[in-house]
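Each value in this text was obtained by applying a stated rule to the coordinates, not by laboratory testing. All of these numbers come straight from a predicted model, not from anything done at the bench. Note: ideal-geometry Cβ built from the backbone for every residue, glycine included; neighbour counts use all protein chains shown.
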């Protein structure tokens, strides 16, 4: 582990992967907005084309979140700094609940991706020393909801655990199980990578990566990495901007 006083290496390939997830999410949400306005014939709740995309996007986000925690603990991130970032996530989760309540009062988001991440980040931080044990623990977390469901977990007070007998009516539902397993896998994979190839997620000016850093691919990666460094801000702003622009276009056309 590096000293907490040492400058932190920025892993731009990880940032770019997070940025790619953000772009994919924004396209997905814009299609959802078009469907909500009756401009696109799509069933986002049952059509596998859309439900599988949601699963892939969410998995990518949680893998990146787990990777981020592996990097943070490897670089000696202090608990006060962790709690400052956690408070931002939790605060934004509360804003999402409030905003979705105005837009979808009967299916507002009370435990979506940010709510789930607020819980899972704490668990990931505490469990980081388990290292290779995170692989089987992740598998157990992913498999558990397939084998254990109970009506006790169907209420809003308990369905955040994930062992439900039916999916609750809400616009976004990201329970701790099975999704904690995905975050654990992201952390375990990144811990393994940092131990064996400590600069494998860095390139160009940020590390000794190989390859041409002046071509189109490098420019795209740099743009995605810049976006990935502002993931929470982008997440909170993209839907108000998209919905506002779409409503303005509908009003003016």
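Computed quantities for the displayed model
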{"item": "Mean projected area (nm²) of the alpha-carbon convex hull when segment 123-249 is viewed from all directions", "result": "12.1 nm²"}
{"item": "Anisotropy class of segment 1-102 from Cα gyration tensor, a/c 1.5 cut", "result": "prolate"}
{"item": "Footprinting exposure proxy for 61, 153 (fewest neighbouring C-beta atoms within 10 Å first)", "result": "153, 61"}
{"item": "Whole-angstrom gap from segment 145-177 to segment 32-72, using each part's C-alpha centre", "result": "19 Å"}
{"item": "Computed helical MRE - 222 nm, the chain, DSSP H runs ≥ 4 contributing -39500 (n - 2.57), nearest 500", "result": "-22000 deg cm²/dmol"}
{"item": "Kirkwood hydrodynamic radius of the chain, Cα pairs, Å", "result": "19.6 Å"}
{"item": "Three-way shape label, segment 57-121, alpha-carbon gyration tensor, a/c 1.5", "result": "oblate"}
